[in-house]
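Structure record follows, encoded as structure tokens.
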Amino acid sequence: MSLNPDPRAPGLMLGENVAIGEDVTFGAHVVVHDGAVIGDGCIVDDHAILGKRPRLAGRSSARGDVGRLVLGDRVTVCAGAIVFAGASIGDGAIIGDQSFVRERSTIGPDSVVGRGSVVDNDVSIGARVRIQTNVYVTAMSVIEDDVFVGPGAMTTNDDTMGRHGAEYALRGATLRRACRVGGAAVLTPGVEVGEEAFVAAGALVTRNVPPRAVVMGVPARAVREVPDEDLLERLR
């Protein structure tokens, strides 16, 4: 790995074989590691790091091939954010200040990852998703299109909390299309939240949530159904 200064911005450092599109704007002290691809019209703010390679513990389950980081067109990577090699960010997406997107994760077009949020490895996020501040999306999770995740929400993927062998399969959360998860909600490993479902703030979700169900409490329980007038297609 080698980094070389580039005159396009103060303190900008570029690795080898970096592809930069047209009309890209860099802030100060940005680092772009080897092989990263940056699409047209992207904005990369101060102190962002693109294409960082993962550093894994000896027993880490996150091993796998790590290719290039690819930013689509008009992506914004805000100040202090870190986006790993092997991630793919769709057109028009925003990666918020001090957020963190790991290897082999994909973020769809026009989605937003809020300030200080973490998207762990091997996560799939669809289009127009809104992830608010300080959210943790655990490895192996799937978030479909038009999902909302409130500030401080947390997903988990390991029932044993690290006491398992190499054969153990981590189980992330699955958030189906247009569901909503309130602030500070916690989802236990393998939970699925159905289409257009609503998880109230602070809920502890320990079982699957049916489509359109409204759940709340510790543990979360269904209390009613999302009404027709509150469905996403009715609001467009």
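Below, the figures for the structure above:
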item	result
For segment 1-127: relative contact order, % (alpha-carbon pairs under 8 angstrom, 6 or more apart)	16
Rh by Kirkwood over Cα pairs, then Stokes-Einstein D for the chain at 0.890 mPa s and 25 °C, µm²/s	134
Net charge of neighbours whose Cβ lies under 15 Å from the Cβ of residue 203, counting Lys and Arg as +1 and Asp and Glu as -1	+3
Per-peptide average of other Cβ atoms within 10 Å, ordering 166-175, 36-45, 113-122, 17-26 highest first	113-122, 36-45, 166-175, 17-26
Per-residue ³J(HN,Hα) for segment 15-24, Karplus 6.51 cos²θ - 1.76 cosθ + 1.60, θ = phi - 60°, Hz, x for Gly and Pro	x, 7, 6, 7, 9, 10, x, 7, 6, 8
The chain - charge dipole about Cα centre, Lys and Arg +1 at Cβ, Asp and Glu -1, debye rounded to 20	800
Whole-number accessible area per residue in Å² for the chain, which is evaluated in the context of all protein chains at 1.4 Å	47
Sulfur and carbon atoms: percent of accessible area, segment 1-136 [1.4 Å]	49
Antiparallel DSSP beta bridges within the chain, percent to nearest 5	10
Charge dipole magnitude, Cβ of K and R +1, D and E -1 - segment 36-170, Cα centre, debye nearest 20	480
Peptides ranked, highest mean first, by Cβ atoms within 10 Å: ranges 144-156, 195-207	144-156, 195-207
R0 of 41 Å, Cβ-Cβ distance residue 207-residue 13: FRET efficiency to nearest 0.05	0.30
Pair residue 167, residue 22: separation of 7 Å Cα→Cβ label points (nm)	5.7
Charge-dipole axis of the chain as Lys and Arg at +1 and Asp and Glu at -1 on Cβ define it, positive-most pick from 150, 69, 17	150
Segment 103-236 - convex hull of alpha carbons, volume per residue in Å³	96
Environment charge of residue 98, counting only residues whose C-beta is closer than 15 Å and scoring Lys/Arg +1, Asp/Glu -1	0
Relative contact order %, segment 112-236, counting alpha carbon pairs below 8 Å whose residues are six or more apart	16
Evaluated at q = 0.12, 0.22 Å⁻¹: base-10 log I(q)/I(0), Debye formula over Cα of segment 9-111	-0.34, -1.12
For segment 203-210, Karplus couplings with θ = phi - 60° (6.51, -1.76, 1.60), whole Hz, Gly/Pro x	6, 10, 9, 10, 9, 4, 9, x
Segment residue 233-residue 6, length gained on full extension (0.36 nm per residue, minus Cα span)	77.0 nm
Dipole of segment 137-192, positive direction: furthest Cα of 183, 160, 139, with charges on the beta-carbon	183
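The values are calculated or read from the model by the stated rules, or taken from the named source; none is laboratory data. Not measured: the values here are computed from a predicted model. Methodologically, a virtual Cβ is constructed for each residue, glycine included, from the backbone with ideal geometry; neighbour enumeration extends over all protein chains shown. For the accessible areas, the whole protein counts, side chains as well, though only heavy atoms, and no ligand, DNA or RNA atoms are used. Shrake-Rupley method; radii C 1.70, N 1.55, O 1.52, S 1.80 Å.
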